[in-house]
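The values are calculated or read from the model by the stated rules, or taken from the named source; none is laboratory data. What you are looking at is a predicted structure, and each value in this text was computed from that prediction instead of being measured. Cβ placement follows ideal geometry from the backbone for every residue including glycine, while neighbour counts extend to all protein chains displayed. Side chains are part of the model used for accessible areas, which takes the heavy atoms of the whole protein and leaves out ligands, DNA and RNA. Shrake-Rupley method; radii C 1.70, N 1.55, O 1.52, S 1.80 Å.
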Amino acid sequence: MPKAIITQFGRKLKSPSTCRYVRSFSHWKQYEMGPPDPIVGLNEAFALDTSPNKVNVGVGAYRGDDGLPFVLPCVKEAELINIQNTWLDHEYLGIVGDASFVRLALEFVYGKDSPVLAEGRVAGVQTISGTGGLRVFGELLKKGGHKEIYLPDPTWGNHIPIMKNAGLEVKKYRYYNAGISSLEFDNMIHDLKNIPPGSVVLLHACAHNPTGMDPTKEQWQEISKVMTDGKLIPFFDCAYQGFASGNAPEDAFAIRMFVNDGHQVAVVQSFSKNFGLYGQRVGALSIVAADESEAKKVLSQMKMTIRPMYSNPPKHGAQLVKTILSDDRLSTDFINQCADMARRINEMRIKLRSALEEGGDRNWEHITKQIGMFAFSGLTKEEVTALRDDHSIYCTLDGRISMAGVTSRNVDYIAEAIKEVIKK
């Protein structure tokens, strides 16, 4: 038997040979190294790059024209107000979160005068941003007997593992034609018409991620009719309300139209992009029911899903959003500041397209037709890799460019680099 080692505290430890023996039978050795997250890996590579010209256009977070993180002035003011409120504490929120925040969040997306809110037909909870709301809804669907969910192709990369991990089979409907950099509307309608009745279909409310290509109002009306006829359940992911166009009610057009058309929609909201509260994880999940009694039952099931998952949501970010949306002046400031962010993004779209088309024969119209934070460039994986290796410009392999990372100082450099790699 190996001799024990006596430590200075008098305790007996196993000898090194015994420790090696135990390690060889680790309970965790079956776990292999997982692949790096595409975005995290991109950021790590960018941090290690020593080029003075390096540019990160992969991160989905707003930056000012100086390239630095931006905190909305109304958020700063809300923080000062809350610091002075001595009655604020750090107690747990309830399972549904801050009830006042939830009410304001629902008014923000459905409209203050929405009949479904007035009738008490909406079950709503605060969530850990949009990601947490997606997972809660996925598990709620699974609990309710759903086996699958339909996502647009392409969609935000995290949609797929979230829904798969919730136990749902992920199926897709056609949405975007990368060959012509345009919405594949006819094929989208064809696919929606062939989805089984009672199925859940995820829709991007505005600023589709990653393509930035949204249906027109007339196309949304046709989508609504097809989903009504097919008895489909619309589930809206609303991550950019106010940030997409600079007009929050306009960005909620599709959701409000679907509700007016009689759909019992589900909506997940994120306040990361529009309020710039990326690290605070502020979100909401809501479901429109047939009546108030049904809404209460749905809410009870949402609470039963949340309790063993994360118990209750964080407090600080929701308090900031509540402070802003409950104050008329701060709400107006928010609208104006959100519009300023959207305006800068759109200005960069125009400048990037102009610089790309200067001296070339390739059409880059899709850059300005798209909306929101991202531009789906149409670059191939090989071209994206060349951008990174030869020019220290970092974007995701699908060619998605975060327009927030494009500034008046680097837009020409980015455009020249793109023109260089597409020649090869």
So how many residues does region 128-145 have that are open to solvent by 50 Å² or more (accessible area, probe 1.4 Å) and out of contact with any helix residue (DSSP H, G or I) (no Cβ under 8 Å at 6 or more places or on another chain)?
3
Tally time: how many residues in region 226-249 are acidic (D, E) and in contact (Cβ under 8 Å) with a residue 40 or more places away in the chain?
1
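Conditions tested, residue by residue: (1) at positive phi; (2) outside any strand (DSSP E or B); (3) within 21 Å of the chain's Cα centre (by Cα); (4) acidic (D, E).
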residue: G279; (1), (2), (3), (4): no, yes, yes, no
residue: A284; (1), (2), (3), (4): no, no, yes, no
residue: I287; (1), (2), (3), (4): no, no, yes, no
residue: A295; (1), (2), (3), (4): no, yes, no, no
residue: S300; (1), (2), (3), (4): no, yes, no, no
residue: M304; (1), (2), (3), (4): no, yes, no, no
residue: N312; (1), (2), (3), (4): no, yes, yes, no
residue: Q319; (1), (2), (3), (4): no, yes, yes, no
Report, by residue number, each residue of region 296-314 that is over 15 Å from L141 (Cα atoms) and surrounded by 21 or more Cβ atoms within 10 Å (Cβ to Cβ).
P313
Determine if region 205-217 includes at least one residue that is hydroxyl-bearing (S, T, Y), touching a His at 6+ places or on another chain (Cβ under 7 Å) and either at positive phi or loosely packed, with under 14 Cβ neighbours inside 10 Å (or both).
no
What are the residues in region 321-337 that are touching a residue at least 12 places away in the same chain (Cβ under 8 Å), open to solvent by less than 80 Å² (accessible area, probe 1.4 Å) and part of a helix (DSSP H, G or I), if any?
V321, K322, T323, I324, L325, L330, D333, F334, Q337
Filtered residues of region 34-70 (kept if exposed (fewer than 14 other Cβ atoms within 10 Å of the Cβ) and among the β-branched types (V, I, T))
V40, T50
Being open to solvent by less than 30 Å² (accessible area, probe 1.4 Å), more than 22 Å from the chain's Cα centre (by Cα) and among the β-branched types (V, I, T) is true for just one of I255, I189, I162. Which residue is that?
I189
Is there a residue being in contact with an Asp or Glu (Cβ under 7 Å, 6 or more places away or on another chain) and not hydrophobic (A, V, I, L, M, F, W, C) anywhere in region 123-146?
yes
What are the residues in region 92-120 that are open to solvent by 50 Å² or more (accessible area, probe 1.4 Å), in contact (Cβ under 8 Å) with a residue 24 or more places away in the chain and charged (D, E, K, R), if any?
E119
Scanning region 232-248 residue by residue, those modelled with pLDDT under 95 and open to solvent by 20 Å² or more (accessible area, probe 1.4 Å) turn out to be S245, N247
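Name every residue in region 321-331 that is closer than 19 Å to A244 by Cβ and among the polar types (S, T, N, Q), in order of residue number. It would help to see each step written out before you state the result.
So in region 321-331, the residues closer than 19 Å to A244 by Cβ come out as 321, 324-325, 331.
Listed by number, the list holds a single entry, S331.
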